[in-house]
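One structure below.
The values are calculated or read from the model by the stated rules, or taken from the named source; none is laboratory data. Keep in mind that this is a model prediction, so the values were computed, not measured. Positions of Cβ are generated from backbone atoms using ideal geometry, with glycine treated the same way; all protein chains shown enter the neighbour counts.
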C-alpha cells in the first residue's frame, strides 16, 4: 500500500474544509470499497478524511411520513433498526442482504451511495423509493443523484449527511445474486406510494435506473399480473461472465413480478 | 494398560490436532519468522505470451531496503522445474519436455510467469522495488483454448510446434472398432471437463535459510510431500547435496493436490538465500494463487458407448484433449493418462475400451492433479454417457448400470487395472433406499405445483487410490517410487512416537494413525504421537495425494509396529524364561500362553532400553523400527451417489435439494473423519458441477476469473445437508488394514450426479446438454435455446 495521510475531523464543517483543501484526498466512510481498491493499487489518494468521528452522521430518526438515516449508519444498524423494520421493512431486508456480516458492520449507507457501484443494493432503494439525499450544503432528489458508472451529482468536496426516505404503502426488494461476488446480477426495488409506483433496477446497467414501462403497468394495477407479456430490451445492459444483457433483460420483469408479489404479501 | 479395552479402530475419535487449529496455535509457514528475516516479491508477466526484449533492474537494485534482485540470467546455470512422469506417445517417442525455467529466460508463457525475484527488508520494500523493474515485452499471439491449440499457429514451446506434448492411447482399438460395427445402439457425447482453481485456504508460502556454519539449507514450505520436494530440488534443480537440504512442511492449510508440486518460487528462494545470506520468506497473495497454483481438470472429450439390444455395454471409445498449460507441472502427464484412461471401465464389465489422449501446451497456468486427478474426468464422462444411453433406450438409469456391473472379483479391466474386490450392487441399492427414490414422483409433483422443476440423477464411481506398485508405476512412466515409509519409536516408558512419510494438511493423520498404533500396542490414544512433515525427523516419504495416506502410509506403520511386537516377544520370552513361540501379545500384555506370567508393553520397552537382564547376544537393545511398504496394487473404493435438484425455469437458478452418498471404503478407522472427507469432496465436486469454472480470455490469455469476485467457490448455503453412509463394505484384500482411501471420492462421484439430475429436470424441455459449471445463466440459456428450437 502507498503512504498516505490520515485525518479524523470532528465536525462536518472541518471535514468539508479538509476535502476542499486537498483535492487528492478521499473521504473514508466504512472503507468496504475504498480499502480493497487501495490494496489493489487502483487508487492512490494523498490522504483519507475519516468520517467515523462525526456523531451527527449516525442514527435513524422517524419524522412524520419519512425516515431519516444518517449517512454513517452501518448496513447492520439499518437492518436491525426497530424503526426501519417497522416502517420500511423492505429497506431493512435490503440492508440485511448486503455483502457479509463484516461488510454490514463496517459499510455505510452514505459510503455506498457516494460510490454508486453499478451492482450495489442501496441505489435501488433510494431510487426505488424516491428518497432525498441531504448533503452538507443541499438536498438532492434521487432522480438526479445517480449519474452513471460510479458517478453522482456530488461535488468534489461535498459530503452526504443523511438520506430521507418517504414511507410507501408497499415496497419490496428482490435481488438475484451474481454467484461469486453475490452482488446483484439484477436487483429490483418496487414501491407504491399513493398513486405513484417506482421500479428501480440495479446490477443490470452502468448505473441504477427506473423502468417507466413497468411503472406504468403497475400504476394501472399494482399486481404481478399487470406485468404479463412485458419484455425488456437488452440494449445498454451489462454483459459479463455471469450473465448476458439478454439474461439480465429477461430477469428484470421476472424479479419485478416477484417483488410486487412480495410487497403485497 | 494390560486390561482389555474396546478397539479405537472404528470409533469416531475426536481429532487430536483440532485443539491447536481452533485455538489459533497452529504453526504455518507464514507464522515462522527467522532471525534476520528478509522477504521476497516476484515480478510476473502481465502477458500470456511474449518475448522478453529487455529487463532493467537498475532502479530496483538501488531502492530502499533492497537486498537482491535476480532474473533468469542469474539462474542460467540452475536446472528447470522438473517433471516427475514421462509419457511416451503411441509412436514410441517421448513426450515433448521443454525446460521450465525458475525465472523466465527469453520468453514468458502465461500470465503470472515469474520474471524477477526481489529480496528486501520487508514485503513492502520488495513490492515497491518490483514496481521499478522495467520490462520490455514483444507480445505474441496466445494459444489459449486446448481444443484449438494444435491448430492455433502459435507455438508455446519451439520443441512442440503444434503444441502437442504427446498423443497416448490405451486399449485394443481394433476390438473396439469391431464391437461398434456390430452394436445395436451407439450413444455419443461431447463434453468439457471444466478447469478448476484449487484455492486452499492457506496460500502457498516458503521460507528458505542458508546456514554457512554447516553449509546447509532449510526450507519451510507449504508442501504435501517434503521429501519429494527435497529430492527434486536437490537432484534436478539446484544441485545441492540431498543431505544438505532440510525441508519442513509444518501445519499446512489444505492442498487438494496443489501443494504436491515443486514450484519455481520455492527453488528461487532456496537459491537466493545463500546469495543474500539471509533467510527469505514469501507468501502468495490470493491473486498470485489464482495465477500460479497448478490448476485442475481441463479436458475436451468425445465419447461413444456401444450397446447391444439388451443394454449390455459392448465397447467404449474416448478421445480426450488434455490441457497441460504452459509447462509440465510435476505429475501433469500422468493425470489424463494413467489416472484417467485406466479408470474408464468404472464399475462395468465393458469388454473393450479404447482411449486416446492428446496433451497440449497452452499459454495458461500449468495444470496438474487436483482432488481426484483424472478420476473425476473419467467418472464424469462415463456416468454422463451411461445416463444418456439409459434415456435413449428408455431404461431406468440404475437398472442399466445393474445390467453391466462387474460381479466377479478379481476383475481385470481392458484398460490395465485389476480390481481386487468390490460390491457395487450393495452401494447402489443402499443409496437408492437412503435417497427415497420411490418418493421422487411425489416430490416432483410438489415442486411443479410451486412452478419449479425437479430432477434426479445418479452416479456410480470407481476410484483407484495409492498408485502402485512402484514397478508398474515405473513401467508407466513414473520417475519416482510410490511406496511409503514409517518409523515406530517406542520410548523407555512405553510411550510411542510414530514418524510417517505421508503428510497431513487437513486429513487428520495425528488421530487416525494414532488409533491404529494405539490398538496395535494396547495403548491409550494420548500415548501415541504422530510426527510428519520434516525431512530431518522422518526417514523418507512420498507424501500425501491420491487418497494414499492410510492405505500406503498406514500400512508402512503397521509393518514397523509388527516388527516392534516381534522384537518385544523375544524380549518377553527372555524375561519370562519361555520360548519365543510360547509368547502371545494381547491387550497390551506379553504373556506365556496358558499361564498368568506376563510383562506389560511398558515393561518390555523399559527392558529394551535398560538391558540389565537382556538377551544381548541375540538382540540389540532399544525398541525402534522402520518399515517401507510398497503396495502390490491400487485400492479401489467405489460408491453410488444420488442427487435431486430443484430448479426455477424462470431464472435458471438450481438448488440441490438432497444428496445421498453411499460409499465402500473397505475398513474404516475413524468414521467421523471419513464422513468429513466425503463432505469436503462433495462440496468440491458440487462446486465443479454448479459453481466453479476457470475462464481465460480466448484471445489475450488473461485470466478472467482471477479473484473470488468472479470465481465461485462453494459456500455452506450452496450445499444441502448431505446424507452420507459408508457401507460395511469389502475390505481391501492386499493391505494389512483392509482400507481403501476416502479423500477424493466425493469430488469424483458427485459432478455427474448433479448434471444428470439437472438434465433429468430439463429433459421435458428438450435440453440434452449442459456445461459445467451449470450456472443459472447457463441453465437459462439452455432452456431458452431449447424453447427456441422446438
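Observations
Table: residues versus (1) at pLDDT 95 or above; (2) buried (at least 19 other Cβ atoms within 10 Å of the Cβ).
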{"position": "B:468", "(1), (2)": "no, yes"}
{"position": "B:472", "(1), (2)": "no, no"}
{"position": "B:479", "(1), (2)": "no, no"}
{"position": "B:512", "(1), (2)": "yes, yes"}
{"position": "B:522", "(1), (2)": "yes, yes"}
{"position": "B:525", "(1), (2)": "yes, no"}
{"position": "B:533", "(1), (2)": "yes, yes"}
{"position": "B:544", "(1), (2)": "no, yes"}
{"position": "B:554", "(1), (2)": "yes, yes"}
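- The criterion of at least 3 residues that are within 30 Å of residue B:83 (Cβ to Cβ) is met, among strands (runs of 3 or more DSSP E) falling completely within region B:407-514, by B:484-490.
- The test for being at pLDDT 95 or above, under 27 Å from residue B:759 (Cα atoms) and within 14 Å of chain A (Cβ to nearest Cβ) holds for residue B:687.
- Taken over region A:220-255, the residue count meeting the criterion of being surrounded by 13 or more Cβ atoms within 10 Å (Cβ to Cβ) and more than 11 Å from chain B (Cβ to nearest Cβ) is 13.
- Candidates B:706, B:693, filtered to the one that is modelled with pLDDT of 95 or more, within 14 Å of chain A (Cβ to nearest Cβ), in contact with a strand residue (DSSP E or B) (Cβ under 9 Å, 6 or more places away or on another chain) and not in a helix (DSSP H, G or I): B:693
- Counting only strands (runs of 3 or more DSSP E) that sit completely within region A:101-179, those holding 1 or more residues that are out of contact with any strand residue (DSSP E or B) (no Cβ under 8 Å at 6 or more places or on another chain) correspond to A:146-148.
- Strands (runs of 3 or more DSSP E) lying entirely in region B:146-256 (those with 1 or more residues that are closer than 30 Å to residue B:77 by Cβ): B:164-171, B:205-211, B:216-221, B:245-248
- Among all positions in region A:202-219, there is no residue which is part of a strand (DSSP E or B) and within 11 Å of chain B (Cβ to nearest Cβ).
- Test: residue in region B:116-123 that is on the phi < 0 side of the Ramachandran plot, surrounded by 21 or more Cβ atoms within 10 Å (Cβ to Cβ) and not assigned by TED's automatic domain parsing to the domain that holds residue B:232: no
- Number of positions in region B:633-657 that are more than 14 Å from chain A (Cβ to nearest Cβ) and either out of contact with any helix residue (DSSP H, G or I) (no Cβ under 9 Å at 6 or more places or on another chain) or in a loop (DSSP other than H, G, I, E, B) (or both): 4
- Listed conditions (1) on the phi > 0 side of the Ramachandran plot; (2) out of contact with any helix residue (DSSP H, G or I) (no Cβ under 7 Å at 6 or more places or on another chain); (3) within 14 Å of another protein chain (Cβ to nearest Cβ) are all met by residue B:666, apart from (3).
- In region B:15-55, the residues that are in a loop (DSSP other than H, G, I, E, B), in contact with a helix residue (DSSP H, G or I) (Cβ under 9 Å, 6 or more places away or on another chain) and exposed (fewer than 14 other Cβ atoms within 10 Å of the Cβ): B:25, B:27
- Subset tally (residues that are within 14 Å of chain A (Cβ to nearest Cβ) and within 30 Å of residue B:639 (Cβ to Cβ)) for region B:709-739: 9
- Restricting region A:168-184 to residues that are touching a helix residue (DSSP H, G or I) at 6+ places or on another chain (Cβ under 7 Å) and under 13 Å from residue B:651 (Cβ atoms), the residue that is nearest to the other protein chains (Cβ to nearest Cβ): A:179
Okay, residues lined up against (1) under 22 Å from the mean Cα position of the chain (by Cα); (2) at pLDDT below 95; (3) closer than 15 Å to residue A:128 by Cα:
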{"residue": "A:185", "(1), (2), (3)": "yes, no, no"}
{"residue": "A:194", "(1), (2), (3)": "no, yes, yes"}
{"residue": "A:203", "(1), (2), (3)": "yes, no, yes"}
{"residue": "A:226", "(1), (2), (3)": "no, no, no"}
{"residue": "A:229", "(1), (2), (3)": "no, yes, no"}
{"residue": "A:244", "(1), (2), (3)": "no, no, no"}
{"residue": "A:247", "(1), (2), (3)": "no, no, no"}
{"residue": "A:256", "(1), (2), (3)": "yes, no, yes"}
{"residue": "A:259", "(1), (2), (3)": "yes, no, yes"}
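- Search result, residues across region B:611-632 that are touching a strand residue (DSSP E or B) at 6+ places or on another chain (Cβ under 7 Å) and either part of a strand (DSSP E or B) or closer than 30 Å to residue B:471 by Cβ (or both): B:624, B:625, B:626, B:627, B:628, B:629
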